[in-house]
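Enquirer: Below you will find the structure I want to go over with you.
The values are calculated or read from the model by the stated rules, or taken from the named source; none is laboratory data. All of these numbers come straight from a predicted model, not from anything done at the bench. Note that we place each Cβ from the backbone using ideal geometry, even for glycine, and neighbour counts take in every protein chain shown. SASA here: full protein model, heavy atoms, side chains in, ligands and nucleic acids out. Shrake-Rupley method; radii C 1.70, N 1.55, O 1.52, S 1.80 Å.
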Amino acid sequence: KWTGSVPTDAHMWTGENPAFATNGTWKPWVMTSGDQFRPPPPPAYDSEQMKTEMAELRDFERTPTTNAIALFWEYGSGGRRIYWFWNDVANRAILEAGLGSDAPRAARAYALLNIVADDATIGCWDAKFTYWAMRPFQFDPEFKPLFTTPNHPSYPSAHSCVSTASATVLA
């Protein structure tokens, strides 16, 4: 159970009962600690980079195609479904590589995939709850996200952390 507190700094993520707040404290499988590969801090709240990135986000033209793609990555393979998605990719890769009848090698592929996904999650959440980066709608209350955002800090992107690690192992 998380017993911490949400920062009160106006330039950080705000909310109550942040989701998965203890994930960054879990014991990793192969990393030495959750902070082993911690990324640098996100751009400062009042930096030109943040203003530029927010303007790019505001100016992005949503179309039925871009909405469909975003919704797939959020609901078809996002959140807790990300493990299902990448294990399905592994299923296909194992069959395409002819490992369907080589149980030890197939099991190794699944083990490596899920170990890296777990460690990526731990490292990602360590950083999320170190930096407490606000979400775009918190930076600009007039910005409307396409779908409800998760109840935790935005940086780094959990989907990017887990998907990059998973795709790298499978490659």
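Enquirer: Tell me, yes or no, whether the stretch 64-73 has at least one residue that is under 24 Å from ASN151 (Cβ atoms) and touching a helix residue (DSSP H, G or I) at 6+ places or on another chain (Cβ under 9 Å).
Expert: If we filter the stretch 64-73 for residues that are under 24 Å from ASN151 (Cβ atoms), which is where we start, we get 67, 69-73.
Add one more test, that the residue is touching a helix residue (DSSP H, G or I) at 6+ places or on another chain (Cβ under 9 Å), and what stays is 73.
Looking for residues that are under 24 Å from ASN151 (Cβ atoms) and touching a helix residue (DSSP H, G or I) at 6+ places or on another chain (Cβ under 9 Å), one finds at least one in the stretch 64-73, hence yes.
Enquirer: Select, from ALA68, ALA117, ALA93, the only residue that is open to solvent by less than 70 Å² (accessible area, probe 1.4 Å) and free of Cβ contacts under 8 Å to residues at least 12 places away in the same chain.
Expert: Values: ALA117 fails: free of Cβ contacts under 8 Å to residues at least 12 places away in the same chain; ALA93 fails: free of Cβ contacts under 8 Å to residues at least 12 places away in the same chain.
Exactly one residue qualifies, and that residue is ALA68.
Enquirer: How many residues does the stretch 28-37 contain that are of a type outside the set (Phe, Trp, Tyr) and open to solvent by 90 Å² or more (accessible area, probe 1.4 Å)?
Expert: Residues meeting the conditions: 2.
Enquirer: Among the candidates GLU56, GLU61, single out the residue that is part of a helix (DSSP H, G or I) and free of Cβ contacts under 8 Å to residues at least 60 places away in the same chain.
Expert: GLU56
Enquirer: Assess whether LEU112 counts as being open to solvent by 50 Å² or more (accessible area, probe 1.4 Å), hydrophobic (A, V, I, L, M, F, W, C) and not in a helix (DSSP H, G or I).
Expert: Working: open to solvent by 50 Å² or more (accessible area, probe 1.4 Å): yes; hydrophobic (A, V, I, L, M, F, W, C): yes; not in a helix (DSSP H, G or I): no.
No: the conditions fail for LEU112.
Enquirer: Can you run down the residue pairs with Cβ atoms below 6 Å, 6 or more apart or on separate chains, where the first is in the stretch 10-37 and on the phi < 0 side of the Ramachandran plot and charged (D, E, K, R) and the partner is open to solvent by less than 90 Å² (accessible area, probe 1.4 Å) and not in a loop (DSSP other than H, G, I, E, B)?
Expert: Final answer for the pair search is ASP35/ASP126.
Enquirer: Turning to a different aspect of this structure: For the stretch 147-171, name all the residues that are in contact with a helix residue (DSSP H, G or I) (Cβ under 7 Å, 6 or more places away or on another chain), among the hydrophobic types (A, V, I, L, M, F, W, C) and surrounded by 12 or more Cβ atoms within 10 Å (Cβ to Cβ).
Expert: Once the filter is applied, which keeps residues that are in contact with a helix residue (DSSP H, G or I) (Cβ under 7 Å, 6 or more places away or on another chain), among the hydrophobic types (A, V, I, L, M, F, W, C) and surrounded by 12 or more Cβ atoms within 10 Å (Cβ to Cβ), the stretch 147-171 yields ALA158, CYS161, VAL162, ALA165, VAL169, LEU170.
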